[in-house]
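Structure record follows, encoded as structure tokens.
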Amino acid sequence: MDNAQFIWMNGEMVPWADAQVHVLSHGLHYGTGVFEGIRAYATADGPAVFRLAEHMDRLHRSAAAYGIPLSWSTAQLIDAARQLVTINSLPSAYIRPLVTLGAGSLSLDPAACSVEVMIAAWEWGAYLGEDGVANGISVGVSSWRRFAESTLIANAKGTGGYLNSVQAKQEAIRGGFDEAIMLNIDGLVAEGSGENLFLVRDGAVLTPPVTAGILAGITRASVIQLLRDDGIEVSEASLARSDLYYADELFFTGTAAEVTPIRAVDHRAVGSGRPGPITRRAQDLYQQAVTGKLDTYRHWLDPV
């Protein structure tokens, strides 16, 4: 993160080291906040942010779902993100908006708390490693279940909810895996610790529905559209753990992970143990779209 100098915070560009909140901030103690992950890509016309409006709209929806007042409009947040990439001279970037409750009360009723809004941006490579993108990663099915909608709001990016993901990720690393797959409370496949999941079998692509307790990922939606427009069948379906073992291909999607192949699940090879043709096609289409090489999807890019 040493390639960025400024963070946008409550309407001001603040030097990186000076972007701080109080130690008694409500969000620090209770996880009361919402966030986004967004990428800007280098294109022939300069850096452009992928589906920026959709991400900022979702930030607003997440805040509303958790009852956190967000006074900055989508348009204002879009402008702030674009300015941030420019002022930090970033040719490409990972962008992290955060809305969190600040100081004012440590009661479980946070009505007296301030609302802190920030956006950071820095250059960040492949989340699961360049080798993972090229050759696939190994995953393990976690003993930790994805939390249910009756527990937290699964289809919102709440900061506190990611403790669930941290537990799954740490368990996976300890088990010698690169990443985890989480089942929901009904024992059906949900998602990775921070990624949506796709399965390929007999040439058809399947992905768990939002009702499985997943986040409705923007990268997920983009890949679904890219594949369908390319003539590949994509359907939402409830998936059992055994479906993972019968898959011809598996891959993750997400802002950080982009499109990452899965080569093994629970020490079982997926297909040939190498990224398959549909996974490779999804990677290729996605990379072309985010770098402005496909005119059909240029509207997904917001020039900086």
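The values are calculated or read from the model by the stated rules, or taken from the named source; none is laboratory data. Computed from a predicted structure; not experimentally measured. No Cβ is skipped: glycine too gets one built from the backbone with ideal geometry, and neighbour counts run over all protein chains shown. Only protein heavy atoms, including side chains, enter the accessible area calculation; ligands, DNA and RNA are left aside. Shrake-Rupley method; radii C 1.70, N 1.55, O 1.52, S 1.80 Å.
Going by the structure shown, is Ala180 assigned to a strand (DSSP E or B), over 20 Å from Arg96 (Cα atoms) and of a type in the set (Gly, Ala, Ser)?
In short, yes.
Counting only residues that are more than 17 Å from Lys157 (Cα to Cα) and of a type outside the set (D, E, K, R), which one in region 185-196 is surrounded by the fewest Cβ atoms within 10 Å (Cβ to Cβ)?
Of everything passing the filter in region 185-196, Gly187 is surrounded by the fewest Cβ atoms within 10 Å (Cβ to Cβ).
Condition first: out of contact with any helix residue (DSSP H, G or I) (no Cβ under 7 Å at 6 or more places or on another chain), assigned to a helix (DSSP H, G or I) and open to solvent by less than 30 Å² (accessible area, probe 1.4 Å). Now tell me which residues in region 267-304 satisfy that.
Across region 267-304, the qualifying residues are Ile278, Thr279, Gln283, Val290.
Ala212 - would you say it is open to solvent by 10 Å² or more (accessible area, probe 1.4 Å), modelled with pLDDT under 95 and over 27 Å from Ile95 (Cα atoms)?
Answer is no for this residue.
For residues that are touching a Leu at 6+ places or on another chain (Cβ under 9 Å) and polar (S, T, N, Q), scanning just region 5-37, find the one that is most open to solvent (accessible area, probe 1.4 Å).
Residue satisfying both the conditions and the ranking: Thr32.
Output the residue which, of all residues in region 113-172 that are of a type in the set (Val, Ile, Thr) and within 15 Å of the chain's Cα centre (by Cα), is nearest to Glu36 (Cα to Cα).
Thr159
Could you check how many residues of region 30-48 are farther than 28 Å from Asn164 by Cβ and in a strand (DSSP E or B)?
7
May I ask you to verify whether Gly104 is within 18 Å of the chain's Cα centre (by Cα) and surrounded by fewer than 20 Cβ atoms within 10 Å (Cβ to Cβ)?
no
One residue is enough: does region 154-170 have a residue meeting the conditions farther than 29 Å from Ala64 by Cα, free of Cβ contacts under 8 Å to residues at least 24 places away in the same chain and surrounded by 14 or more Cβ atoms within 10 Å (Cβ to Cβ)?
Yes, region 154-170 has at least one match.
Pull up region 215-232, narrow it to residues that are outside any loop (DSSP other than H, G, I, E, B) and under 28 Å from Asn164 (Cβ atoms), then point me to the one that is most open to solvent (accessible area, probe 1.4 Å).
Going through the qualifying residues, I end up with Ala221.
Suppose we filter region 92-126 for residues that are part of a strand (DSSP E or B), hydrophobic (A, V, I, L, M, F, W, C) and within 23 Å of Gly292 (Cβ to Cβ); how many remain?
5
Being touching an Asp or Glu at 6+ places or on another chain (Cβ under 7 Å) and loosely packed, with under 15 Cβ neighbours inside 10 Å narrows it down to one residue among Ser143, Ser71, Ser92; which is it?
None of the other options fit; the residue is Ser143.
Are there any pairs, at least 6 apart or on different chains, whose C-beta atoms fall under 7 Å, with the first in region 243-267 and over 28 Å from Glu36 (Cβ atoms) and the second among the polar types (S, T, N, Q) and open to solvent by less than 10 Å² (accessible area, probe 1.4 Å), and if so, which?
Filtered contacts from region 243-267: Glu249/Thr279.
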